[in-house]
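Taking it in order: structure first as structure tokens, then the write-up.
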Amino acid sequence: MNRREFISAAVTSAVMLARSPRAFAAQTARYDLIIKGGRVIDPSVRLDAVRDVGISAGRIAAVEANIAAQATETIDARGKLVVPGLIDIHTHTARAAEGPELVLQDGVTGWIDAGSQGADHIADTIAVARSARQQGRVLINIGRAGILPEGDTMDLTRADAGAARDAIAKNRDFIVGVKARLSRDVAGQNDYEVLRRAQEVATSFGLPVMIHMGQTISPLPKLIDLLKRGDIVTHMFAPPPNSIIDDNGHVLSEVLAARRRGVWFDVGNGQTGHMRWDTIDAIMKTGFWPDTFSTDWTGNSRTTGVIDLPNCMSKLLGYGMTVPEAVARATWNPSRIFPAFSDRGTLNVGSTADVAVLELRDGTFEFLDNFKNKVTGHQRFFPSATILAGKRIARSA
Ligand SMILES: [Zn+2]
């Protein structure tokens, strides 16, 4: 078929389709929900335009300039952003039973609990993930007792590969990777060996490792050398010692090499020691930007510099990141890291209708690092409404 014949055939079939009963049904379709008139940003298809989003049977059914059909429910999103449901790949949401519902209010329709528990108590975090309304998955801490005030793997026998392997084998549906926390107050001198064991376990299941970097005893290049394609470095803005950037403002060559071989770099906002504005400024200037935003969320995040994922997404707008670039780092990019989210992070027709409606407010906003330093920004994302599998989530006060 040449081009002309192809166009002719396409027109003919479109005409036939318009006359068919099925097409008639589509024209008069009622949607369960229409989100009207918002600025729809869908990084998966590079869309940034005012659109209506029609939802039927829990899936995105149409994204069009004007959907005239009727709907059971309509959300007026004029003046707001309509983006895929947010995915937060570094949280501790599963440490508390109410965690998933709290972050759902923020627009978070998918989350990873990143190493709250190890083999000994992984059943607790999995129980929370299993009962959550949105999709929650967990990374198992290579330290079998999970996060400990005295340091997860200061005692190297806690980095128990056998115990981790057994736990993963029993819970393949919820454990999607292995977490290795490597700071000097967590792993001490054991950092390299802890990561080596975490990698051995993860590799045997074809899973990624997420490392918690920053303030390690071993030099970062030595640690990063153990990372394979698909692994994740969280706390990428951690200040020295052992940050990703040297004193002359150059990103370490081993870090650049890691990104080239497919290692992801994540923010992991958190509360202590993970980000400082001067380090962020130096890293952003090099163009080595994060692949993903994440909160490192815990029950007290509301009262720290974290607040919520939309707030964390706002922090780099003043460093030259555009609004669609910020959205991509909390939607499409995380969906490509973990297969559990492979049909999320997008508003493409046919995908699960997880949607976050956000407000992008102009004004003067203070953003905190982990050292009580403030920077002032002029735009901030606020959560406005969450739609999970096509259903609007009621907002608590
Ligand atoms: Zn964490």
Leading residue by the ranking (farthest from the ligand (Cβ to nearest atom)) among those in the stretch 123-133 that are open to solvent by 10 Å² or more (accessible area, probe 1.4 Å) and not basic (Lys, Arg): SER131
Search the stretch 196-221 for residues being hydrophobic (A, V, I, L, M, F, W, C) and within 16 Å of the ligand (Cβ to nearest atom), and hand back the single one that is nearest to the chain's Cα centre (by Cα). MET210
So for the stretch 49-67 (the condition being closer than 30 Å to MET236 by Cβ and touching a helix residue (DSSP H, G or I) at 6+ places or on another chain (Cβ under 9 Å)), does at least one residue qualify? no
What number of residues within the stretch 28-54 satisfy the criterion of being among the small types (Gly, Ala, Ser) and within 13 Å of ASP76 (Cβ to Cβ)? 2
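Kindly establish whether ALA119 is within 16 Å of the ligand (Cβ to nearest atom), under 23 Å from LEU139 (Cα atoms) and buried (at least 16 other Cβ atoms within 10 Å of the Cβ). Working first, answer last.
Details: within 16 Å of the ligand (Cβ to nearest atom): no; under 23 Å from LEU139 (Cα atoms): yes; buried (at least 16 other Cβ atoms within 10 Å of the Cβ): yes.
It is false that ALA119 is within 16 Å of the ligand (Cβ to nearest atom), under 23 Å from LEU139 (Cα atoms) and buried (at least 16 other Cβ atoms within 10 Å of the Cβ).
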Identity of the residue in the stretch 338-387, within 18 Å of GLY305 (Cβ to Cβ) and aliphatic (A, V, I, L, M), that ends up surrounded by the fewest Cβ atoms within 10 Å (Cβ to Cβ): VAL375
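If you check ALA71, ALA49, which single one turns out to be over 20 Å from the mean Cα position of the chain (by Cα), open to solvent by less than 70 Å² (accessible area, probe 1.4 Å) and without any contact (Cβ under 8 Å) to a residue 40 or more places away in the chain? First the steps, then the outcome.
Details: ALA71 fails: without any contact (Cβ under 8 Å) to a residue 40 or more places away in the chain.
The conditions single out ALA49.
Among VAL103, VAL11, which is the only one that is modelled with pLDDT of 95 or more and either on the phi < 0 side of the Ramachandran plot or open to solvent by 70 Å² or more (accessible area, probe 1.4 Å) (or both)?
Numbers: VAL11 fails: modelled with pLDDT of 95 or more.
Within the list VAL103, VAL11, the selection yields VAL103.
Yes or no, residue by residue, for (1) open to solvent by less than 40 Å² (accessible area, probe 1.4 Å); (2) within 27 Å of MET275 (Cβ to Cβ); (3) within 16 Å of the ligand (Cβ to nearest atom); (4) within 22 Å of the chain's Cα centre (by Cα):
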{"position": "HIS92", "(1), (2), (3), (4)": "yes, yes, yes, yes"}
{"position": "GLY107", "(1), (2), (3), (4)": "yes, yes, no, yes"}
{"position": "PRO149", "(1), (2), (3), (4)": "no, yes, yes, no"}
{"position": "GLY162", "(1), (2), (3), (4)": "yes, no, no, no"}
{"position": "ARG165", "(1), (2), (3), (4)": "no, no, no, no"}
{"position": "VAL178", "(1), (2), (3), (4)": "yes, yes, yes, yes"}
For the stretch 219-240 the number of residues that are open to solvent by less than 10 Å² (accessible area, probe 1.4 Å) and not acidic (Asp, Glu) is 12
Given HIS235, HIS274, HIS250, which one is in contact with a helix residue (DSSP H, G or I) (Cβ under 9 Å, 6 or more places away or on another chain) and not charged (D, E, K, R)? HIS250
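The values are calculated or read from the model by the stated rules, or taken from the named source; none is laboratory data. What you see is a predicted model, and the numbers here were worked out from it, not measured in a lab. FYI the Cβ positions are ideal-geometry reconstructions off the backbone, even for glycines, and counts take in every protein chain you see. Just so you know, the surface numbers come from the protein's heavy atoms only, side chains and all, with ligands and any DNA or RNA stripped out. Shrake-Rupley method; radii C 1.70, N 1.55, O 1.52, S 1.80 Å.
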